[in-house]
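J.: Handing you a structure now.
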Amino acid sequence: MYDELIALRHQVALNTGFANYRDYKHEELGRFDYSVQDCHNFQDAIQQHIVPLVKQNEQARKDALKLDVYRPWDKEVDAEGKEPLKPFTTGEDLATKTIECFNTIDPYFGECITIMQNIKRLDLESRIGKAPGGYNYPLMETDVPFIFMNAVGLHRDMVTMVHEGGHAVHAFLAADLELTEFKSTPSEVAELASMSMELISMEHWEPFFPNPEDYKRAKKEQLNDVLKGLPWIASIDKFQHWIYTNPKHTLEERYAYWMQISKDFGTGVVDYTGLESNLQRSWQAQLHLYEVPFYYIEYGMAQLGAIAMWRSYKQNPKQALANYKKALSLGYMKTIPQLYEAAGIKFDFSPAYVKELADFVKSEYEKL
């Protein structure tokens with residue numbers, strides 16, 4: 001199936017005057033504010049400065065589990081054998097605690113979720129027959145968005161709620177813009193709003209985790225997830241650049257290239273002996289490769305921006321929130337770099353800047 005997609009997409013690129021589908025797709029996605037080289041810079045910076053942190057954490061997990069051989073499934077268990085965190089019970093409890101958390105950050109944020117709750121724009125609990133997934137959906141008639149998700153009481157559900165809550169706050173702040181299209185921000189900006197809310201709210205998760213040890217554990221899980229996601233995003237993006245600039249490659253070459261990427265962006269801590277065929281096909285787990293090619297790196301860019309936003313909040317909460325609200329209220333009326341600048345951060349993927357952010361996350365993690 002993927003062979004057929006590559007051939008068809010390459011022909012589309014040739015038919016429209018492009019040398020390859022990568023260049024065609026960057027144009028089609030409207031990437032006016034960054035280049036192919038910026039994507040390569042992102043990949044290189046993640047490999048240099050984020051992968052070592054992930055490796056350090058993986059080694060610590062292996063040591064904590066007292067394992068001589070650390071297998072893929074060992075990544076999914078709690079290193080101390082503890083039960084999963086339970087930050088809430090029902091959907092109503094999740095909403096109430098989110099409002100309390102948001103009120104602590106900024107009363108306006110809490111008010112946004114309260115309005116949504118009062119007019120039944122929150123559908124949070126999982127139930128039989130309910131569609132899967134989670135999202136915030138803007139409703140332009142009333143300018144009050146809708147959050148849909150499938151919460152069952154887990155830590156990741158709570159993170160989903162504050163993430164979607166960030167999108168919701170974004171919708172409220174951009175509500176007064178004259179045209180609907182002004183409110184339609186690209187993912188590099190939309191996900192900055194939500195991912196920043198994850199990390200900023202992390203400083204105020206007491207309603208979810210009144211026990212200090214649980215709170216500390218929740219923060220560690222959050223930072224681990226933030227770090228782990230970046231090498232995977234860089235891997236998928238780098239893989240696609242190669243795929244579409246070498247459209248005549250063989251299946252064996254494709255597998256070999258993915259294995260090289262897995263080595264470059266992997267930690268070397270996990271033992272895949274006997275699972276090599278699974279590893280060489282592991283890219284197939286990313287649906288974007290099939291359905292929305294080249295749409296994925298945006299999340300990595302926004303994640304770096306969110307780390308910078310969190311750092312700014314730790315340094316000067318009042319100023320950081322003012323910048324955050326200012327940037328989100330602009331919708332898509334400025335370029336991506338200008339919107340990041342309005343937020344008081346940089347749209348920058350240089351190794352030096354990414355190292356700054358990596359060092360900050362490392363220092364915060366070590367405090368836990």
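J.: Need the failing condition index for residue 80 against (1) at pLDDT 95 or above; (2) at negative phi; (3) not basic (Lys, Arg), just the number.
T.: Residue 80 satisfies all of (1) at pLDDT 95 or above; (2) at negative phi; (3) not basic (Lys, Arg) except (1).
J.: For residues that are among the aromatic types (Phe, Trp, Tyr) and buried (at least 18 other Cβ atoms within 10 Å of the Cβ), scanning just the stretch 53-88, find the one that is nearest to the chain's Cα centre (by Cα).
T.: Going through the stretch 53-88, the residues among the aromatic types (Phe, Trp, Tyr) turn out to be 70, 73, 88.
Next, only the ones that are buried (at least 18 other Cβ atoms within 10 Å of the Cβ) stay: 70, 88.
Details: 70: 26, 88: 23 Å.
Among them, the one singled out is 88.
J.: Where the second residue is surrounded by fewer than 22 Cβ atoms within 10 Å (Cβ to Cβ) and among the basic types (Lys, Arg) and the first is in contact (Cβ under 8 Å) with a residue 60 or more places away in the chain and lies in the stretch 327-351, which pairs have Cβ atoms under 7 Å and are six or more apart or on separate chains?
T.: 331/183; 340/346
J.: Now for a different question. Write out, first by first residue and then by second, each pair whose Cβ atoms fall under 9 Å of each other, whose residues are 6+ apart or on separate chains, and whose first residue, in the stretch 54-78, is over 23 Å from residue 214 (Cβ atoms) while the second is part of a helix (DSSP H, G or I) and of a type in the set (A, V, I, L, M).
T.: Between residues of the stretch 54-78 that are over 23 Å from residue 214 (Cβ atoms) and residues that are part of a helix (DSSP H, G or I) and of a type in the set (A, V, I, L, M), the close pairs are 54/227; 54/230; 72/279.
Residue-by-condition table, conditions (1) closer than 20 Å to residue 174 by Cα; (2) within 22 Å of the chain's Cα centre (by Cα); (3) surrounded by 15 or more Cβ atoms within 10 Å (Cβ to Cβ):
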position: 90; (1), (2), (3): no, no, no
position: 103; (1), (2), (3): yes, no, yes
position: 113; (1), (2), (3): yes, yes, yes
position: 124; (1), (2), (3): no, yes, yes
position: 127; (1), (2), (3): no, no, no
position: 132; (1), (2), (3): no, yes, no
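J.: Right, here's the next one. Considering only residues that are free of Cβ contacts under 8 Å to residues at least 40 places away in the same chain and part of a helix (DSSP H, G or I), which ones fall in the stretch 116-137?
T.: First, the residues of the stretch 116-137 that are free of Cβ contacts under 8 Å to residues at least 40 places away in the same chain: 117-135, 137.
Once the filter is applied, which keeps residues that are free of Cβ contacts under 8 Å to residues at least 40 places away in the same chain and part of a helix (DSSP H, G or I), the stretch 116-137 yields 117, 118.
J.: Is at least one residue of the stretch 293-303 at pLDDT below 95, surrounded by fewer than 18 Cβ atoms within 10 Å (Cβ to Cβ), within 20 Å of the chain's Cα centre (by Cα) and hydroxyl-bearing (Ser, Thr, Tyr)?
T.: Looking only at the stretch 293-303, we keep the residues that are at pLDDT below 95, and these are none.
No, the stretch 293-303 has no match at all.
J.: (1) under 22 Å from residue 311 (Cβ atoms); (2) hydroxyl-bearing (Ser, Thr, Tyr); (3) modelled with pLDDT under 95: which one isn't true of residue 184, the others all being true?
T.: For residue 184, the exception is condition (1).
J.: Filter the stretch 321-335 for residues that are surrounded by 22 or more Cβ atoms within 10 Å (Cβ to Cβ) and assigned to a helix (DSSP H, G or I) and give the result.
T.: 324, 327, 328
J.: Now for a different question. Quick one: would you say residue 165 is part of a helix (DSSP H, G or I), free of Cβ contacts under 8 Å to residues at least 12 places away in the same chain, under 26 Å from residue 222 (Cα atoms) and small (Gly, Ala, Ser)?
T.: Details: part of a helix (DSSP H, G or I): yes; free of Cβ contacts under 8 Å to residues at least 12 places away in the same chain: no; under 26 Å from residue 222 (Cα atoms): yes; small (Gly, Ala, Ser): yes.
Against the criterion (part of a helix (DSSP H, G or I), free of Cβ contacts under 8 Å to residues at least 12 places away in the same chain, under 26 Å from residue 222 (Cα atoms) and small (Gly, Ala, Ser)), residue 165 does not qualify.
J.: Shifting gears a bit: Looking at the stretch 52-79 only, could you name the residues that are outside any helix (DSSP H, G or I), more than 27 Å from residue 359 (Cβ to Cβ) and in contact with a helix residue (DSSP H, G or I) (Cβ under 7 Å, 6 or more places away or on another chain)?
T.: Of everything in the stretch 52-79, just one residue is outside any helix (DSSP H, G or I), more than 27 Å from residue 359 (Cβ to Cβ) and in contact with a helix residue (DSSP H, G or I) (Cβ under 7 Å, 6 or more places away or on another chain), namely 67.
J.: Within the stretch 14-47, work out how many residues are farther than 16 Å from residue 237 by Cα and either in contact (Cβ under 8 Å) with a residue 60 or more places away in the chain or not in a helix (DSSP H, G or I) (or both).
T.: Qualifying residue count for the region: 7.
J.: With (1) closer than 19 Å to residue 151 by Cα; (2) of a type outside the set (Val, Ile, Thr); (3) at pLDDT 95 or above as the list, and residue 52 as the residue in question, which single condition is left unmet?
T.: Among (1) closer than 19 Å to residue 151 by Cα; (2) of a type outside the set (Val, Ile, Thr); (3) at pLDDT 95 or above, the lone unmet condition for residue 52 is (1).
J.: Also, I was wondering about something else. Residue by residue through the stretch 228-285, note down the ones that are charged (D, E, K, R), loosely packed, with under 14 Cβ neighbours inside 10 Å and within 27 Å of residue 26 (Cβ to Cβ). Even if it seems obvious, please write down each step before you answer.
T.: First, pick out the residues of the stretch 228-285 that are charged (D, E, K, R): 228, 237-238, 248, 252-254, 263-264, 271, 276, 281.
Okay, now just the ones that are also loosely packed, with under 14 Cβ neighbours inside 10 Å, so 248, 252-253, 263, 276, 281.
Hits for the stretch 228-285 are 248, 253, 263, 281.
J.: Find the residue count for the stretch 138-151, including only residues that are surrounded by 13 or more Cβ atoms within 10 Å (Cβ to Cβ) and assigned to a loop (DSSP other than H, G, I, E, B).
T.: Within the stretch 138-151, the first condition is being surrounded by 13 or more Cβ atoms within 10 Å (Cβ to Cβ), and the residues that meet it are 138, 143-151.
So of that shortlist, the ones also assigned to a loop (DSSP other than H, G, I, E, B) come out as 138, 143-145.
Residues flagged as surrounded by 13 or more Cβ atoms within 10 Å (Cβ to Cβ) and assigned to a loop (DSSP other than H, G, I, E, B) within the stretch 138-151 amount to 4.
J.: Same structure, new question: If residue 138 satisfies every condition in (1) closer than 17 Å to residue 163 by Cβ; (2) at pLDDT 95 or above but one, which is the exception?
T.: All conditions pass for residue 138, except number (2).
J.: Further, regarding this structure: Within the stretch 208-245, work out how many residues are free of Cβ contacts under 8 Å to residues at least 24 places away in the same chain, part of a helix (DSSP H, G or I) and of a type in the set (S, T, N, Q).
T.: Within the stretch 208-245, residues that are free of Cβ contacts under 8 Å to residues at least 24 places away in the same chain, part of a helix (DSSP H, G or I) and of a type in the set (S, T, N, Q) number 0.
J.: Being more than 16 Å from residue 7 (Cα to Cα) and either touching a strand residue (DSSP E or B) at 6+ places or on another chain (Cβ under 8 Å) or part of a helix (DSSP H, G or I) (or both) is the filter here; which residues of the stretch 246-273 pass it? Working first, answer last.
T.: Step one: filter the stretch 246-273 for residues more than 16 Å from residue 7 (Cα to Cα), giving 252, 255-273.
Of everything in the stretch 246-273, those that are more than 16 Å from residue 7 (Cα to Cα) and either touching a strand residue (DSSP E or B) at 6+ places or on another chain (Cβ under 8 Å) or part of a helix (DSSP H, G or I) (or both) turn out to be 252, 255, 256, 257, 258, 259, 260, 261, 262, 263, 264, 265.
J.: Which of the following residues is in contact with a helix residue (DSSP H, G or I) (Cβ under 6 Å, 6 or more places away or on another chain) and of a type in the set (Gly, Ala, Ser): 329, 363, 282?
T.: 329
The values are calculated or read from the model by the stated rules, or taken from the named source; none is laboratory data. Only a predicted model underlies this, so the values are computations on that prediction, with no experimental measurement involved. Glycine gets a Cβ as well: all are built from the backbone with ideal geometry, and neighbour counts include every protein chain shown.
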